[in-house]
Amino acid sequence: METMDGISRRHFLKTASAAAAAGPLATGLGVNAAQERKPNVIVIMTDDQGYGDAGCYGADDVETPALDALAGRGVRFTQFYCGGPICSPSRACMLTGRYPIRAGMPGNTSSQPGAPGMSNEMTTLADMFKAAGYATGHVGKWHLGYSEDTMPNAQGFDFSFGHMGGCIDNYSHFFYWSGPNQHDLWRNGERERRYGEFFPDLMVEEAKGFMEAHRDEPFFLFYPMNTPHYPYQGTPEWLARYEEKGVAYPRDLYGAFLSTQDERMGQLLDAVEELGLTEDTIVVFQPDHGHSVEDRAHNGGGSAGPYRGAKFSLFEGGIRLPVVISWPGHIPEGETRGQMLHGADWLPTLAELTGVSILDDGIDGHSIAPVLEDGDAPTPHEVLHWVGPRNQWAVRRGPWKLIGNVWDPTETGDELTEEDEELFLANLDEDPTEMTNFASENPEVVDELRELHEEFEAG
């Protein structure tokens, strides 16, 4: 898109004046005029991690001390939803504050070089923070485009290190799972060869370098991990630990990789502490969606806790996430919130907490700063929408959730009838496990929610 003077709208946003970008100061939990610098922001996104895969969410057979400690010095959420049950839509939602379909990413982009992805006309978290004077870095998985104009450096990031496709082998850094095998490790758009080096360790190393380089200025670090997505490659120490614990296959392989992930996340947070930046840094933790039951993931290993479904599904197990935010000394610590929240909420929330301006007035998210401040604050969403693979769709209003074209990849028999597969009405107050279809008993609710979905789709 070109403006009248030939400068792209995106370029204009990225080069907006600092005064305009500073915008009105936030209230409540946000920054104030007396602060000399704005807080840093680190967004950690894990890959294929189930709701029940953390000690702070009730798991007693996996070890996640770093995440548990983060929750202890922050707020964790029990009804936080991703934008979609697969990778690219969820990432687009978090970075743009928009429903994935409105961010132009309703499905996954390809993991092959040259593949298109999310348009760089979208305004991302990185664009927002860069306009406000932040250094912006991406370290880890991208999966939002594999062409020059859709890779991280074209989406607001000053620095990028990681892989562009959906996953890699953590030692060879090759993508092996469709099409020709592709080496996939890049630094600022240039190929990087680091054969034999463990990618989660490389992530910590690169993140430390980025933070050290920008310790005296505010920075935004997007840290999307390649774990615990297949291939399960836990370290020998953690594999031995889960063998000693007697955890059954494939939970043992998944758990070892999850704990390997958690250990590296702890190293990242230790580096923040060593730089003296803990109280100056907002840390967000969110998986992209639920755990995988694909054959490449040993048909499972992860857990949705009490919920039905997994990755690819619009049952709760595919879209309800273990999510934490921490900012010691600024937001409550060791508390839990049960309001209905969404991945699109991070952009306006982080804008309010840091006191920077939102550059896109078309976002779908709402700031959850009032929820952080007050556990009794109302949910910012009356209705939420999702679309998913196999033409699935879902809409939630209050306790009611209607799913169309239902798919549950965890099903092994005929648990879902033909009627269930067409339309499934859940009442998450009465049956949070979604084992009961309330559609036949509540046709008026079905009609109301289906109408909401049709309006959303038409819009």
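Name, by its number, the condition in (1) within 22 Å of Thr349 (Cα to Cα); (2) crowded, with 24+ Cβ neighbours inside 10 Å that does not hold for Lys130.
(2)
Among the residues in the stretch 401-411, are any out of contact with any strand residue (DSSP E or B) (no Cβ under 6 Å at 6 or more places or on another chain), outside the structural domain of Met122 (by TED's automatic domain parsing) and among the hydroxyl-bearing types (Ser, Thr, Tyr)?
Taking every residue of the stretch 401-411 in turn, at least one turns out to be out of contact with any strand residue (DSSP E or B) (no Cβ under 6 Å at 6 or more places or on another chain), outside the structural domain of Met122 (by TED's automatic domain parsing) and among the hydroxyl-bearing types (Ser, Thr, Tyr).
Okay, residues lined up against (1) among the hydrophobic types (A, V, I, L, M, F, W, C); (2) in contact with a strand residue (DSSP E or B) (Cβ under 7 Å, 6 or more places away or on another chain):
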position	(1), (2)
Tyr242	no, no
Lys245	no, no
Ala248	yes, no
Val283	yes, yes
Ser292	no, no
His298	no, no
Gly301	no, no
Gly305	no, no
Gly309	no, no
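Please specify each residue of the stretch 365-386 satisfying the condition of being part of a strand (DSSP E or B) and of a type in the set (A, V, I, L, M, F, W, C).
Residues satisfying the conditions are Val383, Leu384, Trp386.
Of the residues Gly140, Gly58, Gly117, Gly107, which is farther than 17 Å from Met225 by Cα, crowded, with 23+ Cβ neighbours inside 10 Å and touching a residue at least 12 places away in the same chain (Cβ under 8 Å)?
Going through Gly140, Gly58, Gly117, Gly107 in turn, just one is farther than 17 Å from Met225 by Cα, crowded, with 23+ Cβ neighbours inside 10 Å and touching a residue at least 12 places away in the same chain (Cβ under 8 Å): Gly117.
Do we have Glu217 as of a type outside the set (Lys, Arg), touching a Phe, Trp or Tyr at 6+ places or on another chain (Cβ under 8 Å) and surrounded by fewer than 19 Cβ atoms within 10 Å (Cβ to Cβ) here?
Considered against the rule, which asks whether it is of a type outside the set (Lys, Arg), touching a Phe, Trp or Tyr at 6+ places or on another chain (Cβ under 8 Å) and surrounded by fewer than 19 Cβ atoms within 10 Å (Cβ to Cβ), Glu217 comes out as yes.
I'd like to verify a number: residues in the stretch 422-447 that are within 30 Å of the chain's Cα centre (by Cα) and either under 20 Å from Ala304 (Cα atoms) or surrounded by 15 or more Cβ atoms within 10 Å (Cβ to Cβ) (or both), how many?
Result for the stretch 422-447: 16.
When the residues of the stretch 348-364 are narrowed to those that are modelled with pLDDT of 95 or more and part of a loop (DSSP other than H, G, I, E, B), which ends up surrounded by the fewest Cβ atoms within 10 Å (Cβ to Cβ)?
Ser357
Given Arg450, Arg390, which one is assigned to a helix (DSSP H, G or I) and among the basic types (Lys, Arg)?
Arg450
Do the conditions hold for Ser160, that is, is it assigned to a strand (DSSP E or B) and out of contact with any Cys (no Cβ under 6 Å at 6 or more places or on another chain)?
Yes, satisfied.
Quick one: how many residues across the stretch 255-275 are in a helix (DSSP H, G or I), of a type outside the set (Gly, Ala, Ser) and touching a residue at least 60 places away in the same chain (Cβ under 8 Å)?
11
Check Asp374, Asp361 and return the single one that is within 30 Å of Gly156 (Cα to Cα) and free of Cβ contacts under 8 Å to residues at least 12 places away in the same chain.
Answer to the check: Asp361.
If you scan the stretch 279-292, which residues turn out to be outside any strand (DSSP E or B) and crowded, with 24+ Cβ neighbours inside 10 Å?
Asp288, His289, Gly290, His291, Ser292
Restricting the search to the stretch 127-148, which residues are of a type in the set (A, V, I, L, M) and closer than 22 Å to Cys167 by Cβ?
Within the stretch 127-148, Val139, Leu144 qualify.
Out of Asp447, Asp431, Asp420, which single residue is under 16 Å from Arg320 (Cβ atoms) and acidic (Asp, Glu)?
Going through Asp447, Asp431, Asp420 in turn, the sole match is Asp431.
I'd like to know if the stretch 218-229 contains one or more residues that are outside any loop (DSSP other than H, G, I, E, B), modelled with pLDDT of 95 or more and either of a type in the set (Ser, Thr, Tyr) or not assigned by TED's automatic domain parsing to the domain that holds Tyr171 (or both).
Checked the stretch 218-229: at least one residue is outside any loop (DSSP other than H, G, I, E, B), modelled with pLDDT of 95 or more and either of a type in the set (Ser, Thr, Tyr) or not assigned by TED's automatic domain parsing to the domain that holds Tyr171 (or both).
The values are calculated or read from the model by the stated rules, or taken from the named source; none is laboratory data. Not measured: the values here are computed from a predicted model. In this analysis, Cβ positions are derived from the backbone assuming ideal geometry, glycine residues included, and neighbour counts consider all displayed protein chains.
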